[in-house]
Amino acid sequence: MSTDTEQVTADGLRDRVRQLVAEHPVATTARLDFLRARFDAGLAWVHYPVGLGGLGAPRSLQSVVDAELGAAGAPDNDPRRIGIGLGMAAPTILGFGTDEQRTRLLRPLWTGEEVWCQLFSEPGAGSDLAALGTRAARDGDTWVIDGQKVWTSSAHLARWAILIARTDPDLPKHRGISYFICDMTDPGVEVRPLRQITGEAEFNEVFLTGVRIPDSRRLGEVGEGWKVAQTTLMNERVAIGGGRVPREGGMIGRIATVWRERPELRTHDLHQRLLGLWVEAEAARLAGERLRQQLAMGQPGPEGSAMKLAFARLNQEISGLEVELLGEEGLLYDDWTLRRPELVDFTGREAGYRYLRAKGNSIEGGTSEVLLNIVAERVLGLPSEPRTDKDLPWKDLPR
Amino acid sequence: MSTPDMLSSEADLLYSEAEDDLRAAVRSLLADRCPPSAVLAEAERRRPYDPALWRSLAVEMGTAGLLVPDKLGGQGATAREAAVVLEELGRSVAPVPYLTSGVLAVSALLGCDTDEEQVARLLGALAEGRAVGALALPLSTAPGGAPPATVTAGADGALSGRIGGVAGAVGADVLLVPAEGPDGYGLYAVDIDAPGITGGGGGVTGGVTVEPLTSLDLTRPLAALHFAQAPARRLAGPDRARAAVGRALMAGAGLLASEQLGLAEWCLAETVRHTKERHQFGRPIGSFQALKHRMARLWLGLVSARAAARHAADALAADSLEVPIAVAVAQSYCARVAVHAAEECVQLHGGIGMTWEHPAHLYLKRAKSDEIALGTPGRHREALAGLVDLPAPVG
Ligand SMILES: Cc1cc2nc3c(=O)[nH]c(=O)nc-3n(C[C@H](O)[C@H](O)[C@H](O)COP(=O)(O)OP(=O)(O)OC[C@H]3O[C@@H](n4cnc5c(N)ncnc54)[C@H](O)[C@@H]3O)c2cc1C
């Protein structure tokens, strides 16, 4: 790991940024070259180890680097396009990968040269993810994968996937799972678009037929895949607490702007509801800011799971109110064309799209009901639901 | 046009080590001397507050003077520390005049000219816990300037008029009374131990009668004040009095959010404890998902309430331009969280939650009263309409 952890200070980072920009002038350096140089300078994610895009520095210092580079007009890695790679695959590879895997995979992941997707959910295994049935059978140094995944965002863009599959059907469901890195260009991988309520096809179904994965692309021990997947899922929910959000930074900013610009749409009822949601959005923003400060001080709390729940509900209510506010225009939709979006932008497009897309916020990444269970059990310590299937061999589970 | 972010992004929303220490000290005092059974017994005794507990908290721990600078006899701390004390007082619904004397009265005095000897003397007395003060305004008064005075001051300085629903007046040594004088709005001090004063029901001329009311909140009794030619000293005249009263109301409303936070935390913790222990249908009732989700939602509300309350306290401590927005957000959010937590606490306890014996009702009554105190959530949301440029429809 890093050797000069203590030496990294905000001023030191500013020096490094200056040096990077001096050696690779923003105006004359191609975007990708700049991003690669930034990675190699340890300024990609400063809390990662030296040699893997970081400096082993405190995570809180990343904001210093981002601010300096932003001010210098440097290109970024368009995090919205590669959210699954940055938020889920990377921390899992860092935590469980071999040196070879880390060195090969993390740099193009961070620069966005290689997009990642997440092959977890299946038709028969959503909230109860551990019930998954995609098989991974050993064949010498290779695993042969057969099964079907579903709701896979970005599968049509992805070079790699994080994949969980069943290596031992005779064990109870949590114990017979292993975790792999799947090459999406393998001939046995077939990606079919799934159209969403928004009209576009952001996610896919993925059929895996005789896909061959070398054992060197397994993450963690055989049968330990559930444990590895926990790292992925935890990071999925923490990924939010990143940067500082200004007041009215999210969905509420869109409706507030409409309210200010369109006095003819205002009614007293809408006004009361808007003010109520404005307060809730501001309180949630402050909670996110507080979480950020806690993380920066090295005191992570369970508040992370609160943020996803709060934003799912607020995004839905605010976008719903906005459609209603627009009245006659709310009856229209911008475009039903089946598109294959390159990135997900919850606050993008028109109000109707935002309203429909926000419905996914309480489903993707764990449903709100399941997250409430997690808060109740892990934060409040309430007793868990009766679990009749916990110790049964997976193959004997009722289906 | 967008709203100003100003200093909000710099706000420190965490607790410092010193604040954690202060919390631990207040909490252990209250755990020892003010358990729920003691709160109920105290309320039934019909004393305005528990003088021994107040002495320990105000004098021995020095919390009464947190907001007062050292040179005026206080602790020279800020609203951030006062907020921590209020969280703990909310958690125990302690019957002590901290909000009314240590925050409202002290803040009003700090808005007067503290170079004036009588102001400094009074501040010193409140800060050191030698006297208890109360700002003579209805507890329901919302911030946003000073409300019109309902009391008049004669040329001789004597006050006449009535003010209803004042918290912390019963048992106070001095009342700070906004009154309309010969040369305009002023803030006056009326000593309760002056001759001709009663604390009970009798009508006495040449003084003030403090008439206890039957209040919804058993732990923060209210009174109506009747002034009949009551002798008074003027602390501030038209140049400062309005600002002093406005500032006190703003500080009070902002810090009340921390009391509401502490109260809601107790309600959730107690509800979790109860539902883990109570069995029905052969299971702890806390294992039923319908109840787990309700408690998880309360916790979500608390996460945002804590951030909003800290933000208000931090803004007040820094005296930043953010104060009116931060206070309106904190009050409108935290008031609802507290009421909701207290209502859920009663419901999830079942029959025992409806009893006089169980402390849940003390919290419900405090939460509901706090919702009205210093401006209802609706009033604060309406204030925001102007502050963040989300105007109401015309007509
Ligand atoms: C836009 C979008 C993008 C997605 N992207 C990906 C992706 O890239 N990769 C991937 O692997 N997956 C992805 N998903 C899948 C997502 O993780 C699952 O949809 C989710 O976990 C729910 O599973 P399910 O759809 O099978 O619903 P179910 O699990 O069948 O749930 C149906 C309903 O039952 C409720 N429910 C289920 N169990 C419980 C319980 N124990 N207690 C209370 N209520 C319960 C749920 O909350 C829900 O309301 C995506 C989903 C969406 C909507």
Handout entry: Cβ-based charge dipole, the protein assembly as shown, positive-most Cα from A:THR231, A:ALA67, A:GLY176
Key = A:GLY176
Fill in the blank from the handout: For A:GLN196, the residues 5 or more places away or on another chain with a placed amide H closer than 5 Å to its own amide H are A:ALA201, A:GLU202
Handout entry: Within a Gaussian network of chain B (alpha carbon springs, distance under 10 Å), most fluctuating of B:GLY184, B:GLY157, B:GLY168
Key = B:GLY184
Fill in the blank from the handout: Everything considered on the Cα gyration tensor (a ≥ b ≥ c; rounded for a/c under 1.5, else prolate if a/b is larger than b/c, else oblate), the stretch A:5-71 must be described as prolate
Completion exercise
With all protein chains present, chain A has a carbon and sulfur share of its accessible area (1.4 Å probe) in percent of 53 percent
Practice task
Would you mind giving the mean number of other chain beta-carbons within 10 Å of the Cβ of each residue in A:381-389, as a whole number?
Solution key: 4
Problem - Kirkwood Rh (inverse of mean 1/r, distinct Cα pairs), the stretch A:81-169, angstrom - result: 14.0 Å
Practice task
Only residues of the stretch A:177-201 count here: report those whose backbone N is under 17 Å from the spot 7 Å along Cα→Cβ of A:THR98, or say none.
Solution key: A:179-183
Handout entry: Label-point separation in nm, A:THR267 to B:ALA24, each point 7 Å along Cα→Cβ
Key = 5.6 nm
Practice task
Place +1 on the Cβ of every Lys and Arg and -1 on the Cβ of every Asp and Glu in the stretch B:242-387, take the dipole about the Cα centre, and give the residue among B:ALA385, B:LEU261, B:GLN347 whose Cα lies farthest towards its positive end.
Solution key: B:GLN347
Exercise for the section: Name the residue, out of B:ALA136, B:ALA264, B:ALA318, whose mean-square fluctuation peaks in a Gaussian network model built on chain B with Cα pairs under 10 Å. Expected result: B:ALA318
Problem - Debye intensity ratio I(q)/I(0), log10, chain B, q values 0.06 Å⁻¹ (C-alpha model) - result: -0.23
Exercise for the section: Sort the stretch A:256-388 into rounded, prolate or oblate with this rule: let a ≥ b ≥ c be the square roots of the eigenvalues of the Cα gyration tensor; rounded if a/c is under 1.5, and if a/c is not under 1.5, prolate when a/b is larger than b/c, oblate otherwise. Expected result: prolate
Handout entry: Delta accessible area of at least 50 Å² on complex formation, residues of the stretch B:364-395, 1.4 Å probe, chain isolated as reference
Key = B:ARG381, B:LEU390, B:PRO391, B:PRO393
Exercise for the section: Please report the relative contact order for the stretch A:116-223, taking Cα pairs under 8 Å with a sequence separation of at least 6, and give it as a percent rounded to a whole number. Expected result: 30 percent
Problem - Scattering profile of chain A at q = 0.09 Å⁻¹ [log10 I(q)/I(0), Debye over alpha-carbon scatterers] - result: -0.62
Handout entry: Residue among B:ASP319, B:ASP217, B:ASP191 with the largest mean-square fluctuation in a Gaussian network model of chain B, springs linking Cα atoms under 10 Å
Key = B:ASP319
Problem - Pairwise centroid distance, computed over Cα atoms, of the stretch B:126-176 with the stretch A:337-380, Å - result: 51 Å
Exercise for the section: Place a +1 charge on the Cβ of each Lys and Arg in the protein assembly as shown and a -1 charge on the Cβ of each Asp and Glu, then give the dipole magnitude about the Cα centre in debye, rounded to the nearest 20. Expected result: 1360 debye
Handout entry: Using θ = phi - 60° and Karplus 6.51 cos²θ - 1.76 cosθ + 1.60, couplings along the stretch A:356-372 (whole Hz; Gly, Pro as x)
Key = 6, 5, 5, 4, x, 4, 9, 10, 5, x, x, 6, 4, 4, 5, 5, 5
Exercise for the section: Answer with one residue from A:THR9, A:SER127, A:HIS24: the one whose Cα lies farthest towards the positive end of the charge dipole of chain A, charges on Cβ with Lys, Arg +1 and Asp, Glu -1. Expected result: A:THR9
Fill in the blank from the handout: Mean accessible area per residue over the stretch B:91-190 (1.4 angstrom probe, all protein chains present, square angstrom) is 29 Å²
Handout entry: Relative contact order (%) - criterion: Cα under 8 Å, at least six apart; region: the stretch B:242-387
Key = 31 percent
Handout entry: Sites matching trypsin sites (Lys or Arg not before Pro) across the stretch B:41-74 that sit in DSSP coil, with at most 15 neighbouring C-beta atoms within 10 Å
Key = B:ARG46
Practice task
Kindly report the accessible area of the stretch B:242-387 per residue (heavy atoms of protein chains, probe 1.4 Å, no ligands, DNA or RNA), in Å².
Solution key: 34 Å²
Handout entry: CD proxy at 222 nm, helix term only [per DSSP H run n ≥ 4: -39500 (n - 2.57); per residue of chain B; nearest 500]
Key = -15000 deg cm²/dmol
Exercise for the section: With everything on Cα atoms, drop me the angle between helix B:36-45 and the longest principal axis of chain B, reported from 0 to 90° to the nearest 10. Expected result: 40 degrees
Practice task
Mind giving me the FRET efficiency for A:ALA201 and A:ALA67? R0 is 45 Å, r the Cβ-Cβ distance, nearest 0.05 is fine.
Solution key: 0.80
Exercise for the section: Might you report the magnitude of the Cβ-based charge dipole of chain A about its Cα centre, with Lys and Arg at +1 and Asp and Glu at -1, to the nearest 20 debye? Expected result: 220 debye
Practice task
Over chain B, with every protein chain in place, what whole percent of the accessible area is carbon and sulfur at 1.4 Å, could you tell me?
Solution key: 54 percent
Handout entry: Kirkwood hydrodynamic radius (C-alpha pairs) into Stokes-Einstein, the protein assembly as shown, 4 °C and 1.567 mPa s, D in µm²/s
Key = 44 µm²/s
Exercise for the section: For an R0 of 45 angstrom, estimate the FRET efficiency from the Cβ-Cβ distance between A:ARG14 and A:ASP334 and round to the nearest 0.05. Expected result: 0.55
Exercise for the section: Per residue of the stretch A:33-45, in order, report the coupling 6.51 cos²θ - 1.76 cosθ + 1.60 (Karplus, θ = phi - 60°) as ³J(HN,Hα) in whole Hz, putting x for Gly and Pro. Expected result: 4, 5, 5, 5, 5, 5, 4, 5, 7, x, 10, 6, 9
Fill in the blank from the handout: the stretch A:229-379 accessible area per residue, 1.4 Å probe, protein heavy atoms, integer Å², reads 44 Å²
Fill in the blank from the handout: Summing -39500 (n - 2.57) over every DSSP H run of at least 4 residues in chain A and dividing by its residue count gives a helix-only mean residue ellipticity at 222 nm, to the nearest 500 deg cm²/dmol, of -12000 deg cm²/dmol
Problem - Out-of-range pairs (alpha-carbon distance over 23 Å; input A:LYS308/A:LYS359; A:LYS173/A:LYS308; A:LYS390/B:LYS292) - result: A:LYS173/A:LYS308
Handout entry: Additional length obtainable on full extension of the chain from B:GLN229 to B:GLU128, 0.36 nm per residue less Cα span
Key = 33.4 nm
Exercise for the section: With a 1.4 Å probe on protein heavy atoms only, work out how much accessible surface A and B bury together, total over both chains, in Å² to the nearest 100. Expected result: 4200 Å²
Completion exercise
For the stretch B:109-120, Karplus-derived ³J(HN,Hα) couplings (6.51, -1.76, 1.60; θ = phi - 60°; whole Hz; x for glycine and proline) come out as 5, 5, x, 8, 7, 6, 6, 6, 4, 5, 5, 4
Handout entry: 0 to 90° range, to nearest 10: angle between helix B:17-33 axis and chain B longest Cα axis
Key = 90 degrees
Completion exercise
Per its Cα gyration tensor (rounded if a/c is under 1.5, else prolate when a/b beats b/c, else oblate), the stretch B:242-387 is best filed as prolate
Completion exercise
Straight-line reach check, A:LYS395, cutoff 19 Å on alpha carbons, 8 or more apart in-chain or any other chain, hits among aspartates and glutamates -> A:GLU122, A:ASP128, A:ASP146, A:ASP168, A:ASP170, A:GLU224
Exercise for the section: Determine which aspartates and glutamates satisfy two conditions relative to B:LYS368: a Cα distance under 14 Å, and not lying fewer than 8 residues away in the same chain. Expected result: B:ASP217, B:GLU259, B:GLU343, B:GLU344
Exercise for the section: With only Lys, Arg, Asp and Glu charged, each at its Cβ (+1 for the first two, -1 for the last two), find how big the charge dipole of the stretch B:242-387 is about the Cα centre; round to the nearest 20 debye. Expected result: 320 debye
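The values are calculated or read from the model by the stated rules, or taken from the named source; none is laboratory data. Model, not experiment: these values are computed from the prediction. Virtual Cβ from ideal backbone geometry, glycine too; neighbours counted across all protein chains shown. Side chains are part of the model used for accessible areas, which takes the heavy atoms of the whole protein and leaves out ligands, DNA and RNA. Shrake-Rupley method; radii C 1.70, N 1.55, O 1.52, S 1.80 Å.
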